[in-house]
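Comments concern the structure below.
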Amino acid sequence: MKSVALLHTAPSSSFGLDASGQEAHRPASKINVAALLRENAELRQTLASMQALHELAYRDALTGLWNRRYFEERMTEELARARRDPGSPFTLVVVDLNNMKQINDRHGHEAGDRVLKWIARFLSEHLRAYDITFRLGGDEFALLLPSTRAEDAAHLIARLRRELAVANTCRDIPVGLSFGAATYVEDDATDMAIFVRADEAMYEDKRRQRSAA
């Protein structure tokens, strides 16, 4: 019976020699817990650092939106998903600021940066929680709308135009935006094909607005 008791107690203890040379008993559980706590703290710090690096790599420094690098990755993912489930297409909307050069020339580049930040907030605030807003560079933005058909995207763009018109009544620097949408179809061989269609539609909208003005 004594030997059985020793077998059960040995794993929870460790032994060494004290100053007098006698065997000393030291609870191993306390040592292991302290080591685990240190390792967990180090792991959390490492994960936080990795997350910060991820944010730096995928966020636009000026607006805080996702950048073109992340846009390209998400487009590839959405295209693969749409191919697996053709009944749930996605829509890409390309958005461009109409009068960026005039704003910079008349009000300065700092004012231009403030306008870009305002556009980033405006677009993000008027999308669904699972839609994604990107700044592709310069004055060009993109909206990735998962599980969105062409008619639903058209309704969204119409609503954005109405909201923009209302917002411009209170702005010192009016903002004009051009929109172009492209919805995934089975003939789209690459994500670039979808982007090109959306970009062409955006420039057509820009030309139409210039003609109307």
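Computed from the coordinates by the stated procedures, all read-outs in this text should not be read as laboratory data. Keep in mind that what you see is a predicted model, and the values were worked out from it rather than measured. Note that we place each Cβ from the backbone using ideal geometry, even for glycine, and neighbour counts take in every protein chain shown.
Taking the Cα centre of the range 54-213 as origin, sum charge times position over the Cβ atoms of Lys and Arg (+1) and Asp and Glu (-1), and report the length of that vector in debye to the nearest 20. Display every interim value, and only then the final one.
Details: 24 positive and 27 negative charges, 102 e Å.
Roughly 480 debye, rounded to the nearest 20.
As an exercise, use a Förster radius of 30 Å and the Cβ-Cβ distance of GLU186 and ARG128 to find the FRET efficiency, rounded to the nearest 0.05. That pair, GLU186 with ARG128, gives E of 0.75. Would you be so kind as to identify which of LEU127, ALA111, THR169 lies farthest towards the positive end of the dipole of the range 98-208, taking Lys and Arg as +1 and Asp and Glu as -1 on Cβ and the Cα centre as origin? With unit charges placed on the Cβ atoms, the residue in question is THR169. Residue separation of HIS109 and VAL196 scaled by 0.36 nm, minus their Cα-Cα distance, works out to 28.4 nm of gained length. Okay, which of the range 157-181 sit inside 16 Å, backbone N to the point 7 Å along the Cα-Cβ direction of LYS117? Counting only backbone N, you get 172-173.
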